[in-house]
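These notes are about the structure you will find just below.
Laboratory data are not the source of any read-out in this text; all were calculated from the coordinates shown. In this text the structure is predicted, and so the values were computed from the model without any measurement. Cβ: placed from backbone, ideal geometry, glycine included. Neighbour counts: every protein chain shown.
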Amino acid sequence: MFVTTLFVQALLATAAFALPSSKERHEARVARRAGGLRQSLPRVSNETHPEYSSNWAGAVYNSAKGTYKSVTATFVVPTPKAPSGSSSRTEYSASAWVGIDGDTCGNAILQTGVDFNVEGGSVSYDAWYEWYPDYAYDFSGITFSPGDSVTLTVTAASTTSGTAVITNNSKGKTVTKQITSRSALCEQDAEWIVEDFEEGSSLVPFANFGTVTFTGASAKTASGSVGPGSANTIDIEQNNKVLTSVSTSSSSVTVSYV
C-alpha cells in the first residue's frame, strides 16, 4: 500500500518544539491516504518456500485451492515498539490484514485490517478497508487497545462488490463497509498478512510488532472452506536481513518479528 505525503511540512511547522499529538498523527495519516493509493502488492524477491518479500509476511493461497469468496481471522492487538537501536522520534508502523487477491492477481485487492503505529513511546491504531486500486479509507467509530481481540473479514459478493468487517470482540464493537468497484477481483488469492506498507513510493519505517497470530483463519471457496495449513508462506527481507518468521497450522498463521 502507498500513500502520498501531504501536509507534512505544515504539521512539522506547527509542532516545531514538540512531538505531534496522537490526534495530529492520525490526521496526517488520513491526509496522506486521501492523497494517493494504498499499495499492497507484494514485492517478492524469489520463488523459494518460504518466499521473501520486502513488504509482506504471512500466508497466501492461490487459485489451485478454488475460487475465494471470503477470508477471515482473529488476532490479538500487539503493542508495537521501535526497533532496537532506532530513533524514538521516528514513527514506526506495521499492519495486519486479511484479503482476497493481490498476490498472483494484481487487478484488484479487497482487504481490511488494522495499522499499528508507535512514536516516542506513544502507540496508536487505525482500522481501514480498501478495494485496490482505489486508496484505503479509515473506519470511524472503532478503537483498539493492546490485548484486544479483533476479527477481520472480507467477503466478495461478486467480482465487483463485497464487504469489509472489523469487530473488536473485547469492546463489543463492529464496523462494516459495503464496497463496489469497477476493478474486478480474480478471486484467486486468499491472504493473512502483516505488512510494512508504503507511503508515496517508499516503505514506512517498520515497527517491531512482536507476534501476530491469526487464529480461526479460514478462506471460503465455492466448494467449502480451507484453513491456512498448506498455504505458501512469505517472510519480509530488507537490506539482506530477514525480519519476520512465519508458521502455519490448520487454523492459524503466526507472524513474529525477529
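List of remarks:
- Principal axis box of the range 133-255, alpha-carbon based, largest edge first, Å: 40, 35, 34
- Residues whose amide H comes within less than 5 Å of that of residue 200, counting only those at least five positions distant or on another chain, are 3, 4, 5 (H built at 1.01 Å from N in the peptide plane).
- Sequence of 131, 192 once ranked by neighbouring C-beta atoms within 10 Å, starting from the fewest: 131, 192
- Under 22 Å from residue 69, Cα to Cα: lysines that are on another chain or at least 8 residues apart: 177, 220
- The packing ranking of peptides 164-172, 231-239, 81-89, highest mean first, is 231-239, 164-172, 81-89, where packing means the average number of other beta carbon atoms within 10 angstrom of each residue.
- For the range 58-137 and the range 197-258, distance of Cα centres in Å: 9 Å
- Under 5 Å, built H, 5+ apart or other chain: amide partners of residue 148: 77
- Qualifying aspartates and glutamates (Cα of each under 13 Å from Cα of residue 171; at least 8 residues distant if same chain): 148
- Hz values of 3J(HN,Hα) by residue in the range 101-107 - Karplus curve (6.51, -1.76, 1.60), Gly and Pro given as x: 6, x, 8, 9, 10, x, 5
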